[in-house]
Amino acid sequence: MRNPFHTDILEPEQPFCNRVDELRELTSHGRNGMNVVLFAPRRYGKTSLVKRVQYKLHEENVCVIYAQFMRLVSVEDLVHRLAKAIVSGLHEYESLLEKGQRWLKHFPSIRASFTIDPATGLPSIDVQMAIRQLDPIVALENVLEEVGKFLEKENFQICIALDEFQDIVDIKEPRVEALLREHIQRHKASYIFLGSRRRVLLDIFNNRGRPFYQSAIMMELNALPEKECVEFIVEQFRQAGKKCSGDVARALTLKVEQYPYYLQALAYRAFEICNDECTDKNVTAAYETLLESERYGYQGIIQGLSTGQLKLLRAIAVEGEVALTANNFLQAHRLTLGGVQSARKLLSDQDLIEQNANKLWRIVDPIFRAWLQQAF
């Protein structure tokens, strides 16, 4: 029998836990041409949710464009990703190989080429800038200007999603942010700005001194509701021909604190381990294998930290939730106030730690927290 749980980006037809209200709200904003900032920790299902939103909008004859900005390295890289996303989105809306070629005349700075994959028979799109030696900032302005003119001439709705949008700050080119804002505010389109480095993303949109200040609706994804998680797990086991009681499903849900990616990942492993019915013992065993499989990624995270940053991260993991400036915390872990303040900024910017409603700091990722507690 096929395992019903998935740990990659979920396709629209795959089982999706809850997010009914968020799906409805985002789809409505897309129809209405509103801009939205969607923020949440990594692995919270933002991309899967937006892909589902864009699928629904596409069914309503809205042209959808999706660009991934994760780990941008240069302005040229940004221009290329944006240009390829535009061409790919237009091709999905109306095949450029058949009758949509007329659209490309609106984008003289983009040169698109198509090859057919002999194995699948599907077209593969390659994009280059028409003038490669052009200043990347000028190239970016040209593409944005062409998008604006295209939207003025073509009579259809468009929704553009920019994933991990906050990574534009890593380019270290101050003109990019202002240039994007200047053109986006004039585009007749709905933009969804996704991001998982929440502190950085929110500063872009909430800092009065920055170009995107208060230019979009802010929308946060919270942890999944416990009740819906339990029902989802029980139902997916049932449909796949196995049993999982509500109590076992609840234990599984609480182990990962309703964290969307880990909910699917732990359920996947429990489903693989169990026979006809999932038990608490299966969940415990699955949890251990999950910790083991994730350690490679966690080791990569800590290798990029300084000694002071790692020391603070470990201390927070030990405490669970803590006031970082409390004397007993500093003394117990041999930390200095200055060292904590310096390390806190990077850990927070990387979304490794966060403050809760009670102003206490904690590790964002519950499985990373558990791994840190075991590893040190």
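The values are calculated or read from the model by the stated rules, or taken from the named source; none is laboratory data. All figures in this text were calculated on a predicted structure; none of them were measured in a lab. When we count neighbours, we look across all protein chains shown, and the Cβ atoms used for this are built from the backbone with ideal geometry, even at glycine. These accessible areas exclude ligands, DNA and RNA; they are computed on the full protein's heavy atoms, side chains included. Shrake-Rupley method; radii C 1.70, N 1.55, O 1.52, S 1.80 Å.
Points worth noting:
- Hits among aspartates and glutamates - C-alpha to C-alpha of LYS359 under 15 Å, sequence gap 8 or more where chains match: GLU319, GLU321
- Across the stretch 219-376, the convex hull enclosing all Cα atoms gives 127 Å³ per residue.
- Residue (of SER190, THR279, LEU305) at the positive-pole extreme of the chain, dipole from beta-carbon charges: LEU305
- Considering only LYS153, LYS242, LYS227, the Gaussian network model of the chain with Cα springs below 10 Å gives its largest mean-square fluctuation to LYS153.
- Percent of beta bridges antiparallel (DSSP, the chain, rounded to nearest 5): 35 percent
- Rounded to the nearest Hz, the phi-derived 3J(HN,Hα) couplings of the stretch 69-82 under the Karplus curve 6.51 cos²θ - 1.76 cosθ + 1.60 (θ = phi - 60°) are 9, 4, 6, 4, 10, 6, 5, 4, 4, 4, 4, 5, 5, 5, where x marks glycine and proline.
- Theoretical ellipticity at 222 nm over the chain - DSSP helices of four or more residues, -39500 (n - 2.57) apiece, nearest 500: -16000 deg cm²/dmol
- For the chain: accessible area per residue (Å², 1.4 Å): 49 Å²
- Angle in degrees between helix 280-303 and the longest Cα principal axis of the chain, rounded to the nearest 10: 60 degrees
- Only the Cβ atoms of Lys and Arg (+1) and of Asp and Glu (-1) were treated as charged; on that basis the dipole of the chain about its Cα centre amounts to roughly 740 debye.
- In the chain, the longest principal axis of the Cα atoms and the axis of helix 337-349 are about 50 degrees apart.
- Amide proton proximity set for TYR191, modelled H, under 5 Å, gap of 5+: ASN35, VAL36, ILE160
- Of LYS51/LYS149; LYS46/LYS242; LYS149/LYS188; LYS105/LYS149, pairs whose Cα-Cα distance is over 20 Å: LYS51/LYS149; LYS46/LYS242
- Sulfur and carbon atoms: percent of accessible area, the chain [1.4 Å]: 47 percent
- The GNM of the chain, with springs linking C-alpha atoms under 10 angstrom apart, assigns the highest mean-square fluctuation among ALA67, ALA161, ALA323 to ALA323.
- Springs join every pair of Cα atoms under 10 Å in this Gaussian network model of the chain, and among LEU179, LEU337, LEU144 the largest mean-square fluctuation is at LEU337.
- Whole-Å semi-axes of the ellipsoid equivalent to the stretch 153-308 (Cα gyration tensor, √5λ, descending): 41, 22, 13
- Backbone phi angles across the stretch 172-184, fed through the Karplus curve with coefficients 6.51, -1.76 and 1.60 (θ = phi - 60°), yield HN-Hα couplings of 6, 10, x, 6, 4, 4, 5, 5, 4, 4, 4, 8, 4 Hz in residue order; Gly and Pro are listed as x.
- Within the straight-line cut-off of under 28 Å between alpha carbons, the lysines reachable from LYS243 are LYS227, LYS255, LYS281, sequence neighbours fewer than 8 places apart in one chain being disregarded.
- Rounded tilt (10° steps) of 260-273 against the dominant C-alpha axis of the chain: 60 degrees
- Remark on ILE110: its backbone amide H falls under 5 Å from those of ALA130, a criterion applied only to residues 5 or more positions apart or on other chains, H modelled at 1.01 Å from N.
- Projecting label points 7 angstrom from Cα along Cα→Cβ for THR307 and ASN328 puts them 2.9 nm apart.
- Residues with amide H under 5 Å from that of LYS242, placed H, sequence gap 5 or more: none
- Shape call, the stretch 1-107: gyration tensor on alpha carbons, a/c limit 1.5: prolate
- Cβ-based net charge around VAL73, under 12 Å, with every Lys or Arg adding one and every Asp or Glu removing one: -2
- Counted by Cβ distance under 13 Å from ARG238, the other residues give a net charge of -2, where Lys and Arg count +1 and Asp and Glu count -1.
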